[in-house]
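Student: I'd like to ask you about the structure that follows.
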Amino acid sequence: MSNNLREITVQNAAIEWLQELGYQHVRGNDLHRDLKKVVLEDELRSFLTKTYSNAPVMAINEALAEFTQLQSMDLDYRNREFHLKLTQGVSISWKDKEGKECAQHMYPIDFESPEANSFICSDEITVIGKNKRRTDLLIFINGLPLVFFEFKNLFDQEVGVEEAYQQMHHYTLDIPQVFDFNAISVVSDGREALHGMYSAAFQWFSPWKSVDGDHIVQNDQQQLNTLIFGLFPKAVVLNYIQNYIFHEDHNGKLIKKGAKYHQFYGIQKAVESTLQNVKPNGGGRLGVIWHTQGSGKSISMAILTGILRTKAALKNPTVVIQVDRSDLDEQLYENFVLCKDLVGDVQHAESTDDLRRLLSSDGGGVIFTTIEKFRLKTSRTSSGIEMVDEVKHPVLSERTNIIVLADEAHRTQYGFNDGGYAQNLRRALPNASFLGFTGTPVDSKDADTELVFGRTIHTYDIKQAVQDGATVPIYYEPKMIPLNIKAEYTEELESATVDEADESNAVWAAIEDAAGAEDRVAKIASDILNHYAKRTETLEGKAMIVCMSRRNCVKMYDALVSIEGCPEIAVIMSGNISKDPIEWNPHIRTSKEMEAVKDRLKNPTDPLKMVIVRDMWLTGMDAPCLHTMYVDKIMKGHNLMQAIA
């Protein structure tokens, strides 16, 4: 049997499964088209004419040209231009026989009624571009080639999905017009089947491991079947194309992204729960999405926000993205700004007054804030004493279409009876509904995530994420350097948490002093350098050291640099030059200087090999070359999980 015939065997299986889903199969040679073009214009024209029967032929022709004639010289920009027209439609105007101005907003797909569209799968399609090539399989929806498949021989051990991926990339150069309109690309060798965006690196192509979102299919032999029956039912693929694909603009460089299966199903369940439980008809507890750290939570939140803003039942909602720390606020805000195609314009509350102004408006939108901005207003007396000016937080809006998405739904969300920020938030927005995202659900006697937000509506745990390759496995190597601490603090030490880092806390201060003992720090510094040297002999990379306090960070730095052979290292911490010891000055940096150090750390070839931190950079630091963390700090629960991720 020839290799080509074996490839066709896999291809035919895909076609048969698509036919089971209601797709029409047409052989490539039987399509009526110009070989230099990839859109089936007769199909698209037929759909537009049937759907917009009030529009004259001239208007239909104009709409067809809008959807098929793209302006940019760059493939990625053409793809984005088309995707925006595909999902947002185009406005077409004309004059009727009486000269009256008419207008119609037109879409090339009816996203609400899947059966109103034509679905054709076609194999062995010849396309003439810079070179003449033949694609394995394309899916046309209303004549638009939105899905590309490339197959390799199931029985050839020399080739696989990576070779299929490489061939697809050759096609982007040889027949780029195919990818002007491409929404989803699939590569498969019959064993593995991966989906992704045509412009993404191979590492971002992934399997689709569920058909219903509730049951995971781990059998690698079923990957193609699971992908087709999971992603390509008509309603599902239209939903995915409309809501789960977007382009980020990184200073002119476009990066196209699409949701993975766990994001799709988690968001779908969140949308359904929102529509069922949002106030005033529901109780306002929309649920919890528990997706492990590092599995794309920021993207999930952005996609969900974009979908909620389009739901007519929510009447132009305001979506409040609430986090519990300023550094997380900035990181997530920047991610949302990159997702502008999905979420629209994003507003950032810079202060308590700014937040109150934004929430008091009647219009919808997206607002970012930290929970501490729901504080009571204060003022200072002439003697400098801070006074609280409000007995309780004022009501800012009684609208029922305010939805609060809480990032890392944990400790700051609890304690409604103690006058804390969580209580203030609910007083400010008494009719708001709440949905929590977390990678580390908290469950203790007074802090239960599900009691606050409702039941967990979707889970994607770290074991599944590692199996999927969404996150890397974590290896823990214990190394205990005892603390010489007073006996009366031993019991408190066992229950101490990272959140108790308060100079007025006697237990914490005792722990900090013991951890920072000169001989102990010297021992740890020596152990770290020895371990790092051995580790980087076989795996080049960088490291982060986590200490209990800023004082101990500086002590660790001094101990490390005193050892011969210590690589370049930096301390990353906030500072107050009016209060901090003068010897700390070399470690105090402006925000701009801090970003420059971060860029150096992310660069695998830069000589900066280690950083020492207390809290900064423990979350949101995406640096693949940072492969080792040395922890000399009390860390538990969500703080530990966030840092590891």
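The values are calculated or read from the model by the stated rules, or taken from the named source; none is laboratory data. Bear in mind that the values here come from a model prediction, so they are computed numbers and not experimental data. Reconstructed Cβ throughout: ideal geometry from the backbone, glycine too, with neighbour counts over all protein chains shown.
Student: Could you list, in sequence order, the residues of region 177-197 that are over 20 Å from ILE141 (Cβ atoms) and in a loop (DSSP other than H, G, I, E, B)?
Tutor: Scanning region 177-197 gives ASP189, GLY190, ARG191, GLU192.
Student: Go through region 158-176 residue by residue and tally those that are in a helix (DSSP H, G or I), among the small types (Gly, Ala, Ser) and surrounded by fewer than 22 Cβ atoms within 10 Å (Cβ to Cβ).
Tutor: 0
Student: Another question, if that's okay. Within region 581-596, how many residues turn out to be in contact (Cβ under 8 Å) with a residue 24 or more places away in the chain and buried (at least 17 other Cβ atoms within 10 Å of the Cβ)?
Tutor: Within region 581-596, residues that are in contact (Cβ under 8 Å) with a residue 24 or more places away in the chain and buried (at least 17 other Cβ atoms within 10 Å of the Cβ) number 2.
Student: Sort through SER273, SER298 and tell me the only one that's under 25 Å from VAL472 (Cβ atoms) and in a helix (DSSP H, G or I).
Tutor: SER298
Student: Surrounded by 13 or more Cβ atoms within 10 Å (Cβ to Cβ) and modelled with pLDDT under 85: which single residue out of THR456, THR440, THR490 fits that description? Steps first, please.
Tutor: Working: THR456 fails: modelled with pLDDT under 85; THR490 fails: surrounded by 13 or more Cβ atoms within 10 Å (Cβ to Cβ).
Residue meeting the stated conditions: THR440.
Student: Here is a list of conditions, (1) surrounded by 12 or more Cβ atoms within 10 Å (Cβ to Cβ); (2) of a type in the set (Ser, Thr, Tyr); (3) within 30 Å of GLY296 (Cα to Cα), and TYR557 meets all of them except one; can you say which number that is?
Tutor: The number of the failed condition is (3).
Student: Evaluate region 377-391: report whether one residue or more is surrounded by 13 or more Cβ atoms within 10 Å (Cβ to Cβ), assigned by TED's automatic domain parsing to the domain that holds GLY282 and either modelled with pLDDT of 85 or more or not basic (Lys, Arg) (or both). Can you show your working first?
Tutor: The initial filter retains those residues of region 377-391 that are surrounded by 13 or more Cβ atoms within 10 Å (Cβ to Cβ), namely 377.
From what's left, assigned by TED's automatic domain parsing to the domain that holds GLY282: 377.
Okay, now just the ones that are also either modelled with pLDDT of 85 or more or not basic (Lys, Arg) (or both), so none.
No, there is no match, as no residue in region 377-391 is surrounded by 13 or more Cβ atoms within 10 Å (Cβ to Cβ), assigned by TED's automatic domain parsing to the domain that holds GLY282 and either modelled with pLDDT of 85 or more or not basic (Lys, Arg) (or both).
Student: Quick check on region 91-106. Is at least one of its residues in contact with a His (Cβ under 8 Å, 6 or more places away or on another chain), surrounded by fewer than 20 Cβ atoms within 10 Å (Cβ to Cβ) and closer than 30 Å to LEU338 by Cα?
Tutor: There is at least one residue in region 91-106 that is in contact with a His (Cβ under 8 Å, 6 or more places away or on another chain), surrounded by fewer than 20 Cβ atoms within 10 Å (Cβ to Cβ) and closer than 30 Å to LEU338 by Cα.
Student: Now a separate question. Looking for whichever is surrounded by 23 or more Cβ atoms within 10 Å (Cβ to Cβ) and either of a type outside the set (Gly, Ala, Ser) or at pLDDT 95 or above (or both) here; the options are ILE141, ILE216, ILE184. Which one fits? If you could, list the steps in order and put the result at the bottom.
Tutor: Details: ILE216 fails: surrounded by 23 or more Cβ atoms within 10 Å (Cβ to Cβ); ILE184 fails: surrounded by 23 or more Cβ atoms within 10 Å (Cβ to Cβ).
One residue alone meets the criteria, ILE141.
Student: Failed condition for LEU342, given (1) closer than 24 Å to HIS83 by Cβ; (2) touching an Asp or Glu at 6+ places or on another chain (Cβ under 7 Å), with all others met?
Tutor: (2)
Student: Which of the helices (runs of 4 or more DSSP H) found entirely inside region 28-124 contain at least 1 residues meeting this: of a type in the set (Ser, Thr, Tyr) and out of contact with any strand residue (DSSP E or B) (no Cβ under 9 Å at 6 or more places or on another chain)?
Tutor: 41-51
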